[in-house]
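The values are calculated or read from the model by the stated rules, or taken from the named source; none is laboratory data. As the structure is a computational prediction, the values presented were derived from the model and not from experiment. Cβ placement follows ideal geometry from the backbone for every residue including glycine, while neighbour counts extend to all protein chains displayed.
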Amino acid sequence: MFVDSHTHLYLEEFDPDKTAAVKRAIDAGVGHFMFPNVDLTTLGPMKDLAEKFPGVVDMAIGLHPTEVGPDRESQLQIIRSEALTGRYRAIGEIGMDLYWDSTFVNEQKEAFRQQCQLAAELKLPIIIHCREALNEILEVFDTLDVIPQGVFHSFGGTIDDVKRIRTYGDFYFGINGIVTFKNSKLREVLPEISGDRILLETDSPYLAPVPMRGKRNESAYMIHTAAYVADYLDIPIHDLEALTTDNYRRLFGTDSCR
Ligand SMILES: [Zn+2]
């Protein structure tokens with residue numbers, strides 16, 4: 001069974017067939033899921049869908065960097081009290097995004113720092129969204145007493161980026177449909193990451209892999225990314241399945257996905 005380590009099947013893009021989207025993935029061999037939160041408006045829909053699939057869907061709680069606003073303090077207070085309920089396997093997705101908008105760069109930094117501290121306090125891993133912001137992410141790490149373990153989700157960096165990140169800790173790297181894009185060089189980074197630190201993901205509804213590129217992405221399509229990665233690394237698809245599922249269990253401490 002494959003695990004989609006980053007999917008937003010609870011978003012309105014999947015209305016009215018959210019439940020069906022989870023079932024299509026299970027039928028395709030993707031049998032376990034991590035739902036990372038986006039902002040305060042997505043919390044309710046995320047929990048509603050996860051509750052329909054106990055033991056199959058894990059959740060992460062966090063405030064996405066592009067949603068950090070002037071009311072950051074109150075946003076983060078709600079995230080904190082949710083996290084304290086103990087129903088979440090990770091803090092995410094959190095991080096920094098300077099691609100879309102850098103107006104709130106300092107606010108993003110502070111929100112990321114505070115949520116890293118929350119993760120360290122609760123001994124939870126972090127799910128990192130990093131877009132055009134690796135320097136800033138690492139600057140925040142420099143200020144922390146404890147850098148939590150975690151995954152650089154939707155990784156799109158270089159071999160040098162992987163090496164630089166590793167000087168800060170034993171991180172995992174989330175690989176999605178980007179690796180199948182013709183103009184992407186991400187495939188060349190896979191051997192450096194190595195099979196025991198790859199997590200497969202879709203980031204649904206975004207970034208559908210070839211041959212679905214341009215469509216609404218869903219977790220069932222992750223098999224195309226998996227097939228591509230296995231082929232490129234020249235390992236049997238079942239070995240990649242076992243490796244990446246083990247990786248997921250090791251990072252998120254879940255026994256239910258096997
Ligand atoms: Zn995401």
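List of remarks:
- Which listed residue is of a type in the set (Asp, Glu), in contact with a Leu (Cβ under 8 Å, 6 or more places away or on another chain) and either modelled with pLDDT of 95 or more or away from the ligand (no atom under 14 Å from the Cβ) (or both), from GLU110, GLU82: GLU82
- Just one residue in the set GLU82, GLU73 is part of a helix (DSSP H, G or I), in contact with a strand residue (DSSP E or B) (Cβ under 6 Å, 6 or more places away or on another chain) and surrounded by fewer than 19 Cβ atoms within 10 Å (Cβ to Cβ); that residue is GLU82.
- So LEU63, is it part of a loop (DSSP other than H, G, I, E, B) and within 16 Å of the ligand (Cβ to nearest atom): yes
- Filter pass, LEU134 being touching a residue at least 24 places away in the same chain (Cβ under 8 Å) and surrounded by 16 or more Cβ atoms within 10 Å (Cβ to Cβ): yes
One line per residue, one yes/no per condition, for (1) outside any helix (DSSP H, G or I); (2) more than 18 Å from GLY29 (Cα to Cα):
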residue: PHE152; (1), (2): yes, yes
residue: ILE165; (1), (2): no, yes
residue: TYR168; (1), (2): yes, yes
residue: VAL179; (1), (2): no, yes
residue: SER184; (1), (2): yes, yes
residue: PRO191; (1), (2): no, yes
residue: ASN217; (1), (2): yes, no
residue: ALA227; (1), (2): no, no
residue: THR245; (1), (2): no, no
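- Looking only at segment 59-79, and only at residues there that are at pLDDT 95 or above and small (Gly, Ala, Ser), the one that is nearest to ARG249 (Cα to Cα): ALA60
- Of all residues in segment 41-50, none satisfies being surrounded by fewer than 17 Cβ atoms within 10 Å (Cβ to Cβ), part of a loop (DSSP other than H, G, I, E, B) and more than 16 Å from the ligand (Cβ to nearest atom).
- Tabulated pairs, segment 188-212, first among the polar types (S, T, N, Q), second assigned to a helix (DSSP H, G or I), C-beta under 6 angstrom, 6+ apart or interchain: THR202/SER219; THR202/MET222; SER204/SER219
- Segment 137-158 - residue that is of a type outside the set (S, T, N, Q) and closer than 16 Å to LEU98 by Cβ and, of those, surrounded by the fewest Cβ atoms within 10 Å (Cβ to Cβ): GLU139
- Residue count for segment 197-256, restricted to those that are surrounded by 17 or more Cβ atoms within 10 Å (Cβ to Cβ) and of a type in the set (D, E, K, R): 5.
- Criterion: among the hydrophobic types (A, V, I, L, M, F, W, C), crowded, with 16+ Cβ neighbours inside 10 Å and in contact (Cβ under 8 Å) with a residue 40 or more places away in the chain - qualifying residue of VAL179, VAL105, VAL162: VAL179
- Enumeration of residues in segment 10-40 that are part of a loop (DSSP other than H, G, I, E, B) and within 11 Å of the ligand (Cβ to nearest atom): LEU11, ASN37, VAL38
- Segment 84-134: number of residues that are under 15 Å from VAL151 (Cβ atoms) and among the polar types (S, T, N, Q): 1
- Whichever residue in segment 158-191 is among the small types (Gly, Ala, Ser) and in contact with a helix residue (DSSP H, G or I) (Cβ under 7 Å, 6 or more places away or on another chain) and, among such residues, is nearest to HIS6 (Cα to Cα): GLY177
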